[in-house]
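These notes concern the structure reproduced below.
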Amino acid sequence: MNHAHSSHRWRQPAAAAATNEQGTSPAWDSSEAWAACAKALREYDEDMIQAWKEEIDTLLVFAGLFSAILTAFNIESYTLLQQQPEDATVAILSQISAQLNSFSANANFVNTTRPTEPSSLVPPFRASALAVRLNAMWFSALVCSLVSASLGLMVKQWLREYLAGSSNISRESIRIRQFRYQGLRDWYVPEIILFLPMLLQLALVLFFIGLLDLLWSLHPVVAAIVTVIIALTGLFALAACIFPPLFPDCPYKSPQSWLLCILVQSAKGAIGALASRYYYWHLQHSGSEADPLASKLDLSTIVHNKLTGAFRAWLHRASMSRPYTSWKEREKLSANGVSANLDNATLAGADATFMDDSFLHAVVRPCMNDIEPHAALRCLDRILIRRAPRVIYGLPYWDLPLSDAGDKTTVTLLHLLLDLLHRLNEDADDDVEDGPRIHLLTTMHRLVRAIPGQSTAMPSDPSTRALLRRTFDVLSEVVDREHERLTSKPIVRERAFHLMLKLFPRFHAVGPTCIMTLCAYSKKMQEDNSPYRFVQACCMVIRASAALAHPSRERLDSPTTVTESTTSKPTPYVIDGDQGISTDARWTPSTNGHAQPHIPPSATRLVDPTSVKEYATIRQSVLGVLHDLEDFFSIPVSRASECCPTMAMLAECAEATVALASQDRLAVSIGLVGALTDMISYVLAAGGAGGGPMSDAMYDAGGNAQEDHAITARQAVRLLRRIYGLGWHVCEK
């Protein structure tokens, strides 16, 4: 009540704000500034007066209803304070009855032995103690209610006069307004308004006390029931007054609770003043004199030191505390300590309120990038759990998309995960726990399966392509960051690469930065003796390099313009068969004996020079990966059961090599073709399954999956050997 108007805030015009941001000169001249000040103060006063008037109107309504009810009780109770006519009649009849009972009869006469006393006919009247208490309570309550209503009407008149003539925005009107405002404060008008509801509540308490007094004199059962109800209500009202000064987030703010808060602050102020004096004395005499308070404790040295230390710390906090003048100021001080949690709850609650995809993308996402990362992680978890179609053991799960059309919700949720992962990756240090990033990567593994466009190698929706491109870029940052940290447990790096491996069959048009990351990862896996990860990383490098080496203008190296035909898999390779294009239609022999790619005129496209330059910058690293892969396939250890690649890996590697050779024939050496041929021959001779127990994430296991991989690998090798003019090999059979 005391500061119900404190939520009003002055809003600077946009033009003035722009002027202040662009230069140091004032937004207005002095006359315009005074006019703006007058307008802002008038809006402030109008909000303040309107809030007060609304509360007074509510009090007047309650006072009227309460007075009407109380009057009905008073009409019956005031008669207990005076003698009733029926009392004299009863007294006379009692006297007559007594005289009749005292008659004595004999043969000569009838006589009575009881004389008649005039004073006994109408005894003196004295009101009972119950009647006095009851009427004192109820009439006092009626007076308090009527006084509250009367003061409310008077205050409304004062407030009307306060706003009279405030429409002018001149400098003189500002002076008059300030003169009135100071008078409003000096003559305690806010305190009078604060007193009005307390007066009504006092009237209500007096009425309840009188009612209970009356009921206990009539019937104990009825009185007990009503007493319990009133007691519970009174306890709740008392708690509603006590809790706001003790707990800053308690919403039970009222005039009486603010009065109690002022008393608490006064007590704290007195303690703080004493504490500050003692603390200052302790700083001045810490080494020369004994502590006058702590020395009184006759305890052991250790306990004594702990108690005195805690006591001094409490005195220091008490001396540093300062009072606040409004609920808003107190709430602001309290909210600053939990700002991150409040931001988290605000965004999660806003999303739960609207459940709108556009709101999530346009409002929640920018705001989430502006709050503390760990608070954003908690907020994002709440949003994901609420929007996920299934929640199992507190974890959100998503189903496969029903169509290849763009799903805005899924795309936005994955963008939120990427935003947060990027921020956490920038703040990642050697001493920082990897739990938040591991949690995000695990959630992304469950969410990516819901991304639309599962049926094609390149999604048709532009937003999905942009999302996948950004996913690879952020995951590349994570892998690079882990390479720099040199952690002993590269859990984050492996989960990030596994997610890239999971998404790569759907999107090959990654950028040069991601390709360089994969090159570095393959080197790291070669050093760590991880053959399966090494071969998988090499295959991804070769395939992505082929997509980058010869892009069309339709791609423009942008994930929003990539065409499906540019990066679709060249499988299955059919040579001189009925099911595909013959090799003569694709390749023509050159003068040096090597096959050269031939592009039909109808398929000719303009080359993006930017992408060609990007491929040129990474070509040397790609050549290094190809050389490492050739060395791996050539050494005997690659044939070992624990190191031998699976047929699925070899088929993917052969396909990727064909795709790269079609764009940059000089990048693929004849030695790599021969080593790849020998490795495929060895795996085919060993049974076609390969060595390792690891399943390839790029392919789904089916009934004839190994046979399909073997056919694809033989066809790719046959095409490679023809491109480079090599002879027939037994694996082509």
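The values are calculated or read from the model by the stated rules, or taken from the named source; none is laboratory data. Bear in mind that the values here come from a model prediction, so they are computed numbers and not experimental data. Neighbour counts run over all protein chains shown; Cβ positions are idealised from the backbone, glycine included. Only protein heavy atoms, including side chains, enter the accessible area calculation; ligands, DNA and RNA are left aside. Shrake-Rupley method; radii C 1.70, N 1.55, O 1.52, S 1.80 Å.
General observations
- Qualifying residue in the range 502-523 (condition: in a loop (DSSP other than H, G, I, E, B), among the aliphatic types (A, V, I, L, M) and farther than 22 Å from F633 by Cβ): yes
- Test result for P505, open to solvent by less than 10 Å² (accessible area, probe 1.4 Å) and either in contact with a Cys (Cβ under 8 Å, 6 or more places away or on another chain) or at pLDDT 50 or above (or both): no
- Pair list, Cβ < 9 Å and 6+ apart or interchain, from the range 377-394 residues that are closer than 19 Å to P436 by Cα and open to solvent by 10 Å² or more (accessible area, probe 1.4 Å) to residues that are assigned to a helix (DSSP H, G or I) and among the charged types (D, E, K, R): R382/D351
- Scan of the range 395-415 for residues that are among the hydrophobic types (A, V, I, L, M, F, W, C), at pLDDT 85 or above and open to solvent by 60 Å² or more (accessible area, probe 1.4 Å), ordered by number: L395
- Subset of the range 144-177 that is in a helix (DSSP H, G or I) and without any contact (Cβ under 8 Å) to a residue 12 or more places away in the chain - its residue that is farthest from L206 (Cα to Cα): E172
- Flag if M694 is in contact with a helix residue (DSSP H, G or I) (Cβ under 9 Å, 6 or more places away or on another chain), at pLDDT 75 or above and more than 30 Å from E614 (Cβ to Cβ): no
- Screening P85 against (1) at pLDDT 90 or above; (2) open to solvent by 70 Å² or more (accessible area, probe 1.4 Å) leaves a single unmet condition, (1).
- Scanning the range 185-218 for residues that are without any contact (Cβ under 8 Å) to a residue 12 or more places away in the chain and open to solvent by 90 Å² or more (accessible area, probe 1.4 Å), we see that the one that is nearest to R133 (Cα to Cα) is W216.
- For the range 219-240, a residue qualifies if it is open to solvent by 30 Å² or more (accessible area, probe 1.4 Å) and of a type in the set (G, A, S), and the qualifying residues are A224, A231, G234, A237.
- Residues of the range 343-376 that turn out to be farther than 15 Å from L417 by Cα and acidic (D, E), as a count: 4
- Count - residues of the range 63-82 that are in contact (Cβ under 8 Å) with a residue 60 or more places away in the chain and either surrounded by fewer than 16 Cβ atoms within 10 Å (Cβ to Cβ) or under 39 Å from the mean Cα position of the chain (by Cα) (or both): 3
- When L347, L384 are checked against the criterion of being modelled with pLDDT of 90 or more and in contact with a helix residue (DSSP H, G or I) (Cβ under 6 Å, 6 or more places away or on another chain), L347 stands alone in meeting it.
- Within the range 541-556, one or more residues are out of contact with any Lys or Arg (no Cβ under 7 Å at 6 or more places or on another chain), modelled with pLDDT of 50 or more and of a type in the set (S, T, Y).
- Across the range 162-175, the qualifying residues are those that are aliphatic (A, V, I, L, M) and farther than 17 Å from S31 by Cα, and the one among them that is surrounded by the fewest Cβ atoms within 10 Å (Cβ to Cβ) is A164.
- Pick from the range 600-629, criterion open to solvent by less than 40 Å² (accessible area, probe 1.4 Å) and of a type outside the set (A, V, I, L, M), ranking: modelled with the lowest pLDDT: D608
- Within the range 645-667, being surrounded by fewer than 23 Cβ atoms within 10 Å (Cβ to Cβ) and not in a helix (DSSP H, G or I) holds for S662, Q663, D664.
- Of the residues making up the range 41-61, just one is aromatic (F, W, Y) and surrounded by fewer than 18 Cβ atoms within 10 Å (Cβ to Cβ), namely Y44.
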